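First up is the structure itself, then whatever we jot down about it.
The values are calculated or read from the model by the stated rules, or taken from the named source; none is laboratory data. Remember, predicted model here, so these are calculated numbers, not experimental data. Here the Cβ positions follow ideal geometry from the backbone for every residue, glycine too, while neighbour counts run over all protein chains shown. For the accessible areas, the whole protein counts, side chains as well, though only heavy atoms, and no ligand, DNA or RNA atoms are used. Shrake-Rupley method; radii C 1.70, N 1.55, O 1.52, S 1.80 Å.
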Amino acid sequence: MLRGNQTWWFENRPVIIGAATVVGPDEGDGPLAADFDLVHPELDMQQKSWEKAERLLLEQATDFAIQNARIDKDQLQFYVGGDLMNQIISNTFAARALGVPYIGVFGACSTSMETLAIASMMVNSNSADYALAGTCSHNCTAEKQFRYPTEYGSQKPPTAQYTVTGAGAAVIAASGDGPVVECATIGKIVDLGIKDPFNMGAAMAPAAVDTIQSHFNDTGRTPKDYDLIVTGDLASVGHPIATELLMRDGVPMDQTVFNDCGLMVYDISRQKVQAGGSGCGCSAVVTYGHLLKRIAKGELKRVLVVATGALLSPLSFQQGESIPCIAHAVAISGKE
């Protein structure tokens with residue numbers, strides 16, 4: 001049901017019965033390495049192109065998620081997925097291999113929570129018994145498409161972020177063991193005129209703030225209702241901006257732990273990842289790997305994941321357009 005203006009409230013409490021994450025070597029060298037299902041030691045993953053490597057990440061993550069859910073693949077009714085590649089090709093080809101009805105979506109780096117929200121809504125409304133949500137990114141595919149190929153070796157400014165090589169997927173069901181998807185707040189486009197594709201954090205921060213405030217307005221909740229609130233990939237530039245904007249607007253974020261997936265997935269003091277992580281895989285691998293495990297252990301009772309996305313394309317950037325941004329928030333809690 002709709003609560004407020006932007007929030008889907010899942011009164012039937014759909015459950016994440018299985019999730020999985022597959023990452024590359026840099027993520028495997030980070031502080032969350034133990035929480036991933038599979039770490040590839042090489043970026044190419046023995047594939048003939050970076051795009052094929054990204055597709056492999058997603059194919060493996062979806063297979064592992066189904067296995068972890070302890071269901072057969074033919075029990076899935078729908079797959080909801082998206083990524084950063086032209087015409088979301090990583091998901092299109094992965095869905096071809098999966099062989100289930102497919103809904104492709106694009107929310108840039110917010111896709112992880114966009115797909116989870118849609119899959120949960122389908123299960124909550126009895127439109128599916130089992131739905132799969134998934135997304136992925138690869139450092140070398142995203143850099144080649146949106147900025148410069150990594151082989152070019154171009155210098156990047158301190159505001160630039162490092163696209164996560166990883167994929168995450170989750171199976172949503174009407175019942176079973178696992179964390180509950182309580183609600184989802186669907187974001188609006190926010191565009192403050194930033195045109196620099198090397199400064200995504202600053203561009204996306206206002207969208208994260210808008211969605212967080214909308215979530216609290218719609219649900220009547222406050223930051224203290226969450227053990228943890230994480231943004232998707234604002235990193236070391238955007239996350240302080242979001243924090244300052246929220247505090248300026250009187251949102252008491254000091255009542256909770258406020259963090260960012262782009263700061264959690266890497267050790268930015270040690271790893272060469274510029275301002276921190278970004279990409280569809282960033283919030284996906286942190287949520288489906290690290291956060292769900294902490295919920296399962298009882299370390300976290302309720303979290304709000306606010307996945308952020310910069311909705312530019314190479315074409316719009318080349319034509320001098322600014323960067324429209326969005327954020328989608330999903331509340332996940334331990335099953336009572």
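Some observations on this one:
- Mean Kyte hydropathy of 0.0 or more with a Cα span along the axis of at least 24 Å, helices from DSSP in the chain: 200-219
- Kirkwood's formula applied to the C-alpha pairs of region 178-336 gives a hydrodynamic radius of 15.8 angstrom.
- Stretching S127 away from Q145 to a fully extended chain increases their span by 2.9 nm, per 0.36 nm per residue minus the current alpha-carbon distance.
- Report summary: the helix-based calculation at 222 nm, which adds -39500 (n - 2.57) for every DSSP H run with n ≥ 4 and divides by the residues of the chain, gives -9500 deg cm²/dmol.
- Estimated FRET transfer efficiency (R13, N86; beta-carbon r; R0 41 Å; 0.05): 0.65
- Given K52/K144; K156/K195; K52/K73; K224/K301; K156/K272; K224/K293, the pairs whose alpha carbons are separated by over 18 Å: K52/K73; K224/K293
- For Cα extents along the principal axes in Å, the candidate list reads [x] 112, 57, 31; [y] 67, 48, 39; [z] 50, 49, 36; the entry that matches the value derived from this model is [z].
- Carbon + sulfur, % of accessible area of the chain - ligands and nucleic acids excluded, 1.4 Å: 50
- Extension gain for the segment L315 to K224, taken as residue separation times 0.36 nm less the Cα-Cα distance, is 28.6 nm to one decimal.
- Heavy atoms of the protein chains alone define the surface here; on that basis region 1-120 has 43 Å² accessible area per residue at 1.4 Å probe size.
- The share of C-alpha pairs in region 27-172 whose separation exceeds 25 Å stands at 28 percent.
- Alpha-carbon centroids, region 45-115 and region 199-250: separation in whole Å: 28
- With R₀ set to 35 Å, the beta-carbon distance separating A33 from N5 gives a calculated FRET efficiency near 0.30.
- Relative contact order [Cα under 8 Å, 6+ residues apart], the chain, whole percent: 25
- Distance-filtered residues of region 298-316 - backbone nitrogen under 18 Å, label point 7 angstrom along K156 Cα→Cβ: 308-314
- Among D254, D29, D218, the largest mean-square fluctuation in a Gaussian network model of the chain, built with springs joining Cα atoms closer than 10 Å, belongs to D254.
- Shape of region 109-244, Cα gyration tensor, a/c cut at 1.5: oblate
- At a probe radius of 1.4 angstrom, the accessible area of region 242-332 per residue rounds to 39 square angstrom.
- Largest mean-square fluctuation among T222, T21, T150, in a Gaussian network model of the chain whose springs join Cα atoms under 10 Å apart, belongs to T150.
- Using the 1.4 Å probe convention, the accessible area of region 148-234 works out to 36 Å² per residue with neighbouring protein chains retained.
- Stretchable slack from D44 to Q67, in nm (0.36 nm times residue separation minus alpha-carbon distance): 5.8 nm
- Charge dipole (the chain, unit charges on Cβ, about Cα centre) - positive-most of A119, T21, N139: A119
- Region 262-336 - convex hull of alpha carbons, volume per residue in Å³: 105
- GNM on the chain, alpha-carbon springs under 10 angstrom: the most fluctuating residue among E321, E54, E151 is E151.
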